[in-house]
1. Going by the conditions given, is S358 surrounded by fewer than 21 Cβ atoms within 10 Å (Cβ to Cβ), polar (S, T, N, Q), more than 20 Å from the chain's Cα centre (by Cα) and at pLDDT below 95?
2. Looking at the structure I just gave you, is A207 in contact with a Ser or Thr (Cβ under 7 Å, 6 or more places away or on another chain) and surrounded by 23 or more Cβ atoms within 10 Å (Cβ to Cβ)?
3. In the set G286, G277, which member is under 26 Å from L195 (Cβ atoms) and more than 21 Å from the chain's Cα centre (by Cα)?
4. For I348, all conditions in the list (1) surrounded by 21 or more Cβ atoms within 10 Å (Cβ to Cβ); (2) more than 23 Å from R274 (Cα to Cα); (3) out of contact with any Gly (no Cβ under 6 Å at 6 or more places or on another chain) hold save one; what is the number of the exception?
5. Could you list, in sequence order, the residues of region 252-282 that are crowded, with 17+ Cβ neighbours inside 10 Å, closer than 20 Å to Q334 by Cα and touching a residue at least 60 places away in the same chain (Cβ under 8 Å)?
6. Hey, among the residues in region 310-322 that are more than 16 Å from the chain's Cα centre (by Cα) and touching a residue at least 24 places away in the same chain (Cβ under 8 Å), which one's farthest from T279 (Cα to Cα)?
7. Among the helices (runs of 4 or more DSSP H) confined wholly to region 219-285, which include 3 or more residues that are closer than 30 Å to D81 by Cα?
Amino acid sequence: MDTRGGRPVKVIVEADGGSRGNPGPAGYGAVVRDHRTGETLAERKGFVGVATNNVAEYQGLIAGLRAAGEVGAEVVEVRMDSKLVVEQMSGRWKIKHPSMQPLAREARQLADGFDRVAYEWIPRERNRQADRLANEAMDDAKQDQQDKQPQQAEGAKQPHWSGAVGEPTRLILLRHGQTRLSVERRYSGRGDHPLTELGLEQASRAAQRLSTVEDIAAIVSSPLQRATQTAQKLADAVGLDVVTHQGLIETDFGAWEGLTFAEAARQDPDVHRRWLGDTSVKPPNGESFDEVHARVRKARTDLIAKYGGKTLVVVSHVTPIKTLLRQALDVGPQFLFRMHLDLTGVSIAEFYPDGHASVKLVNDTSHLG
């Protein structure tokens, strides 16, 4: 053990937090290890109450720093699988959400008591001991969680101002970043094209922006690479896995795949002209917008059945996102031809269990500067 006067000079703090419901019953865990030997010097765990993953992660950090101080450490290396906390505490990301600002201040005050504190992101599998402690804390409080559930259910019955009843499923809709076909303005449907360098940067900026959302329960993506690459940036930032759903894939443009607008119009002038105004018309060997509408509706039903009342980030393409917005607004098919969506544009639609819906945001690209 690296010690000075019997005290460890440098320690590693591994911290984690979790929420079952996000927000939901939450707990944290923290481990203090000797930097040289890896020996466990202290463990901490605790139940936070109803909170988000991010709040629980900060509580784990605070508990770990306190424990490091108690064992007399002078230099601390913090390792966490929350990219959000690591980046914010390192000063690279701003702390915008009000609920996290006081926690970050408390953590910084504790950090100021050491000679030096460094922060490192690690994969979840390298943070198993802290994760175990966080889950133990939540398991220990399971009865409290069960006691609170009837109150939450009762509160969910209060009507929305529009008359909607119940907790809405909130879909944060994110279009993927730039691909080569985006640059060349070509039809890009089922072709599996990766993001460009700019597309990866756009995805990173979108991830930084959405990582401040407090209550993301899942990240659901189209299976196409340009969408999953965009989704993975956010997943890395918030510590979630990317789930794919085939129903969120882009329109099958058939014989027009890879063509420009002008090339498709020259190749199939009559079909192309009718396709621009009639959602039942298919591109040759392709898929109509009516067919897209049906499968996106089914995908929406699947997501609400699995994540009802929670917040999801849905990473997809122009047509599926337009379709979800159209369904939320309950408007006709002409909406598809009059709505523009930018690369990594963010929209928000909420779907209530009684059939009501509302659109809160459309095509916001403020994160791109």
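The values are calculated or read from the model by the stated rules, or taken from the named source; none is laboratory data. Given the structure is predicted, the values throughout are model-derived calculations rather than measurements. With ideal geometry, Cβ positions are generated from the backbone for all residues, glycine too; neighbour counts draw on all protein chains shown.
1. So S358 passes the test.
2. No, not satisfied.
3. G286
4. Only one criterion in (1) surrounded by 21 or more Cβ atoms within 10 Å (Cβ to Cβ); (2) more than 23 Å from R274 (Cα to Cα); (3) out of contact with any Gly (no Cβ under 6 Å at 6 or more places or on another chain) is unmet by I348, namely (1).
5. D252, F253
6. H317
7. 225-238
Table: residues versus (1) more than 34 Å from the chain's Cα centre (by Cα); (2) at pLDDT below 85; (3) crowded, with 17+ Cβ neighbours inside 10 Å.
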{"position": "M1", "(1), (2), (3)": "yes, yes, no"}
{"position": "G29", "(1), (2), (3)": "no, no, yes"}
{"position": "T37", "(1), (2), (3)": "yes, no, no"}
{"position": "A42", "(1), (2), (3)": "no, no, yes"}
